[in-house]
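The structure under discussion appears below in the form of structure tokens.
The values are calculated or read from the model by the stated rules, or taken from the named source; none is laboratory data. Bear in mind that the values here come from a model prediction, so they are computed numbers and not experimental data. Counting neighbours? That spans all protein chains shown, and the Cβs are built from the backbone with ideal geometry, glycine included.
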Amino acid sequence: MWSGPRNISTAMMRAWGNRLDTFVCDEPLYAYYLRATGLAHPGAEEVIALNETDWCKVVDWLTRARPEEKPIFYQKHMTHHLLPEIDRGWLAKVQNCFLIRHPREVITSYIIKNNDPTAEDVGFIQQAEIFELVCAQTGSPPPVLDARDIQNDPRRSLGLLCDALRVEFNENMLSWPPGLRPTDGVWAKHWYHEVENSTSFRPWREKSDKVPSRLSEVYRRSLECYERLYEHRLR
């Protein structure tokens with residue numbers, strides 16, 4: 001599942017992780033991304049120390065492992081973690097899905113943590129590139145889910161996704177116990193406070209937040225990418 005930051009990606013991981021037939025992994029390329037970029041994210045040293053930083057080994061695990069012998073291996077990925085030097089050929093070995101959220105909501109949430117993000121920071125450009133690559137590899141658009149659709153009707157949206165993936169929908173995906181999980185990344189203590197207290201997808205609520213004028217170009221470029229994927233969303 002390819003998502004950008006400040007989306008409902010961790011809640012989506014909760015939904016899949018609550019299935020007995022599914023193993024989930026949390027942003028497996030994050031440690032490599034931090035080591036390669038040198039970005040000062042919260043807990044960066046710990047993330048790098050405790051996780052695999054060789055992207056080749058990560059990709060090998062993602063495409064060959066069957067964790068706990070479960071039939072479904074759900075991978076939560078951030079689009080900006082797939083840095084240009086990482087070979088993309090492995091994407092043809094997995095089923096790729098895309099989780100999108102309107103860039104106005106993403107950017108206005110993101111600037112609480114990072115006041116001056118680039119277009120690459122919010123991940124829409126990379127998401128569109130990955131989407132186009134998967135389209136070229138498979139000859140058809142992969143499943144796309146919009147966060148608002150999920151929040152407004154989780155049962156229907158997750159049902160559509162399961163149908164697209166040819167797996168049976170499971171009621172356990174609609175709610176989960178609160179708290180952190182052993183499968184959460186070590187960065188959960190820095191980023192997952194809201195999800196830690198959640199037990200289901202929270203209904204979408206319109207917010208009045210505006211994108212600052214200084215980020216108008218970031219917003220414009222992100223919106224173009226978002227709209228390209230939005231046309232293919234499951235509905």
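If I ask for residues that are among the acidic types (Asp, Glu) and surrounded by 19 or more Cβ atoms within 10 Å (Cβ to Cβ), which ones from the stretch 7-32 would you list?
Hits for the stretch 7-32 are Asp26, Glu27.
I'd like to check something: does the stretch 101-117 contain any residue that is among the acidic types (Asp, Glu) and closer than 21 Å to Thr37 by Cα?
Of the residues in the stretch 101-117, the ones among the acidic types (Asp, Glu) are 105, 116.
Of the ones still in play, those that are also closer than 21 Å to Thr37 by Cα are 116.
Yes, because at least one residue in the stretch 101-117 is among the acidic types (Asp, Glu) and closer than 21 Å to Thr37 by Cα.
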query = Considering the stretch 33-44 alone, what residues qualify as being loosely packed, with under 12 Cβ neighbours inside 10 Å and more than 21 Å from Pro182 (Cβ to Cβ)?
reply = Gly38, Leu39, Ala40
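Looking at the stretch 204-218, which of its residues are in a helix (DSSP H, G or I) and farther than 13 Å from Val106 by Cα? Talk me through it step by step, then tell me what you get.
Keep residues of the stretch 204-218 that are in a helix (DSSP H, G or I), which gives 213-218.
Within the stretch 204-218, Ser213, Arg214, Ser216, Glu217 qualify.
Residue under question is Arg214, and the condition is that it be modelled with pLDDT of 95 or more, over 13 Å from His102 (Cβ atoms) and over 18 Å from the mean Cα position of the chain (by Cα); does it hold? Break it down into steps so the answer makes sense when it comes.
Numbers: modelled with pLDDT of 95 or more: yes; over 13 Å from His102 (Cβ atoms): yes; over 18 Å from the mean Cα position of the chain (by Cα): yes.
In short, yes.
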ask   = Quick check: is even one residue across the stretch 183-193 over 19 Å from Lys76 (Cα atoms) and more than 17 Å from the chain's Cα centre (by Cα)?
value = no
query = List pairs: first in the stretch 60-77 and closer than 11 Å to Val24 by Cα, second loosely packed, with under 15 Cβ neighbours inside 10 Å and basic (Lys, Arg), Cβ under 8 Å, 6+ apart or cross-chain?
reply = Phe73/Arg66
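What about Ser3, is it of a type in the set (Gly, Ala, Ser), over 18 Å from Val186 (Cβ atoms) and either out of contact with any Leu (no Cβ under 9 Å at 6 or more places or on another chain) or surrounded by 14 or more Cβ atoms within 10 Å (Cβ to Cβ) (or both)?
Working: of a type in the set (Gly, Ala, Ser): yes; over 18 Å from Val186 (Cβ atoms): yes; either out of contact with any Leu (no Cβ under 9 Å at 6 or more places or on another chain) or surrounded by 14 or more Cβ atoms within 10 Å (Cβ to Cβ) (or both): yes.
Answer is yes for this residue.
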inquiry  = Residue pairs, Cβ under 6 Å, 6 or more apart or interchain, first in the stretch 217-235 and under 17 Å from Trp2 (Cα atoms), second of a type in the set (D, E, K, R) and outside any helix (DSSP H, G or I). List them.
reply    = Arg233/Asp146
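If you scan the stretch 182-206, which residues turn out to be among the charged types (D, E, K, R) and either under 17 Å from Gly43 (Cβ atoms) or out of contact with any helix residue (DSSP H, G or I) (no Cβ under 7 Å at 6 or more places or on another chain) (or both)?
So the first thing to find is which residues in the stretch 182-206 are among the charged types (D, E, K, R), and the list is 184, 189, 194, 196, 202, 205-206.
Once the filter is applied, which keeps residues that are among the charged types (D, E, K, R) and either under 17 Å from Gly43 (Cβ atoms) or out of contact with any helix residue (DSSP H, G or I) (no Cβ under 7 Å at 6 or more places or on another chain) (or both), the stretch 182-206 yields Asp184, Lys189, Glu194, Glu196, Arg205, Glu206.
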ask   = Can you find a residue in the stretch 60-82 that is over 23 Å from Tyr226 (Cα atoms), crowded, with 21+ Cβ neighbours inside 10 Å, of a type in the set (Phe, Trp, Tyr) and at pLDDT 95 or above?
value = no
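Is the stretch 123-141 home to any residue that is over 25 Å from Tyr33 (Cβ atoms) and among the polar types (S, T, N, Q)? Give the derivation first.
Our first condition is that a residue be over 25 Å from Tyr33 (Cβ atoms); within the stretch 123-141, this holds for 138-141.
From the residues that got through so far, the ones that are among the polar types (S, T, N, Q) too are 138, 140.
The answer is yes; a qualifying residue exists.
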task = Find all pairs meeting these conditions: Cβ atoms under 9 angstrom apart; at least six residues apart or on different chains; first residue within the stretch 185-209 and more than 18 Å from Ala49 (Cα to Cα); second residue of a type in the set (A, V, I, L, M) and in a loop (DSSP other than H, G, I, E, B).
result = Tyr192/Leu180; Val195/Ile8; Val195/Leu180; Glu196/Leu180; Phe201/Ile8; Arg202/Ile8
For Arg35: the one exception among (1) out of contact with any helix residue (DSSP H, G or I) (no Cβ under 8 Å at 6 or more places or on another chain); (2) at pLDDT 95 or above = (1)
key: Residue list for the stretch 86-137, restricted to those being among the polar types (S, T, N, Q) and in contact (Cβ under 8 Å) with a residue 24 or more places away in the chain   = Gln95, Asn96, Thr108, Ser109, Thr118, Gln126, Gln127, Gln137
